[in-house]
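The values are calculated or read from the model by the stated rules, or taken from the named source; none is laboratory data. These figures come from a predicted structure and were not determined experimentally. We place every Cβ from the backbone using ideal geometry, glycine too, and count neighbours over all the protein chains shown.
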Amino acid sequence: MFAEIGAFALVLALAFSAAQVGLSAAGRLRRSATLAAAGEGAAVAAFLGVAVAFAALIHAFVTSDFSVANVAANSHTDKPMLYKVAGAWGSHEGSMLLWCLALTGYGAAAAILSGGLPRGLRAVMVTTQGLLGAVFLAYTVFASNPLDRLAAAPVEGRSLNPLLQDPALAVHPPFLYAGYVGMSVVFSLAVAALVEGRVEAAWARWVRPWALAAWSLLTVGITLGSFWAYYELGWGGWWFWDPVENASFMPWLVATALLHSAIVTEKRGALGAPLGARRLEPADGRHNPGVLLGLLRAGLGRLVVLGPR
């Protein structure tokens, strides 16, 4: 029963994310505060829907409901509670749901906490976040649903992968995903700045808190994953630099550079680029979107290509 409720909530979350895109975009095009506010409300509703689905998945693991395919493949009645809960994101399907939870959570937080932004820029940001959420939720619902039932439930589950039964790795994915997905708000703000023509020093003030939060969480996640890879998988020379660890380290480097550039921008009105400092606002008064275009390409590529493991 709980699994069905979670599956239904996941479909509702997808519908709310689609509504978030439509309402926020319409609010921007028509300059309607009412439609934009409705889009922000849809962002919160999408997060609540994913939260219900994730709670249903956790309940299935805690109660060893082996009629759920994901639980049967990744849990066992004799496992400690820590690894039963960690089994919820120990598979591709579960990690996708965790990814969607973080993504819609950031979308809801951005909608609630960005009241100080210009109205048009905020509407475009919420639209972009909703589009990202809709893409990942659609994939989860139609191709990687963690709440699918089995026709015949087994007596016992196959247990969690032994390599994943480690305290560091149990908490590693939530931190890593929270850091990964936190950069989606930076990406959405970059898109909004380009669309609205607001590539200016104020953008650094808007983006810095989100970038700092995501960078901090990603740092914790990478540290936990590195310790686990070193002592669990072997001597560390090869496994320490496995593709997953590299995939998390590359955006960490970019986020570090972004934070430095944001501080420089706030103080000097210039944003650092690979070949030197580039003015956000040239002498002729026209905005220079070159820096943000690079961020746009990097952010979209990381979100779509890397994604959850």
*Looking at (1) touching a Leu at 6+ places or on another chain (Cβ under 6 Å); (2) under 27 Å from Val186 (Cα atoms); (3) surrounded by fewer than 24 Cβ atoms within 10 Å (Cβ to Cβ), which is the one condition that is false for Ala7?*
(2)
*Could you list, in sequence order, all residues of region 55-74 that are buried (at least 24 other Cβ atoms within 10 Å of the Cβ) and at pLDDT 90 or above?*
Ala56, Leu57, Ala60, Phe61, Val68, Asn70, Val71
*Given Gly120, Gly94, Gly130, which one is outside any loop (DSSP other than H, G, I, E, B), farther than 30 Å from Pro162 by Cα, at pLDDT below 95 and not acidic (Asp, Glu)?*
Gly120
*Find all pairs meeting these conditions: Cβ atoms under 6 angstrom apart; at least six residues apart or on different chains; first residue within region 77-88 and more than 14 Å from Leu57 (Cα to Cα); second residue at pLDDT 90 or above.*
Thr77/Ser64
*Kindly indicate whether Val207 is more than 17 Å from Val264 (Cβ to Cβ), outside the structural domain of Arg122 (by TED's automatic domain parsing) and buried (at least 21 other Cβ atoms within 10 Å of the Cβ).*
no
*Regarding Ser75, is this residue over 22 Å from the mean Cα position of the chain (by Cα), among the polar types (S, T, N, Q) and under 24 Å from Tyr139 (Cβ atoms)?*
yes
_Hits in region 141-193 (condition: without any contact (Cβ under 8 Å) to a residue 12 or more places away in the chain and either touching a Pro at 6+ places or on another chain (Cβ under 6 Å) or closer than 30 Å to Gly27 by Cα (or both))_ = Phe142
*Residues located in region 16-44, provided they are free of Cβ contacts under 8 Å to residues at least 60 places away in the same chain and under 23 Å from Ser95 (Cβ atoms)*: Phe16
*asked:* Would you confirm, using the coordinates I've provided, whether Ser188 is over 17 Å from Phe249 (Cα atoms) and not assigned by TED's automatic domain parsing to the domain that holds Leu101?
replied: yes
*What is the residue count in region 146-163 for residues that are under 32 Å from the mean Cα position of the chain (by Cα) and either over 10 Å from Val71 (Cα atoms) or assigned to a loop (DSSP other than H, G, I, E, B) (or both)?*
11
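Residue-wise test of (1) of a type in the set (Ser, Thr, Tyr); (2) in contact with a Lys or Arg (Cβ under 8 Å, 6 or more places away or on another chain); (3) assigned to a helix (DSSP H, G or I).
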| position | (1), (2), (3) |
| --- | --- |
| Leu14 | no, no, yes |
| Ser17 | yes, no, yes |
| Gly22 | no, no, yes |
| Thr34 | yes, no, yes |
| Gly41 | no, no, yes |
| Ala46 | no, no, yes |
| Val52 | no, no, yes |
| Ala56 | no, no, yes |
| Phe61 | no, yes, yes |
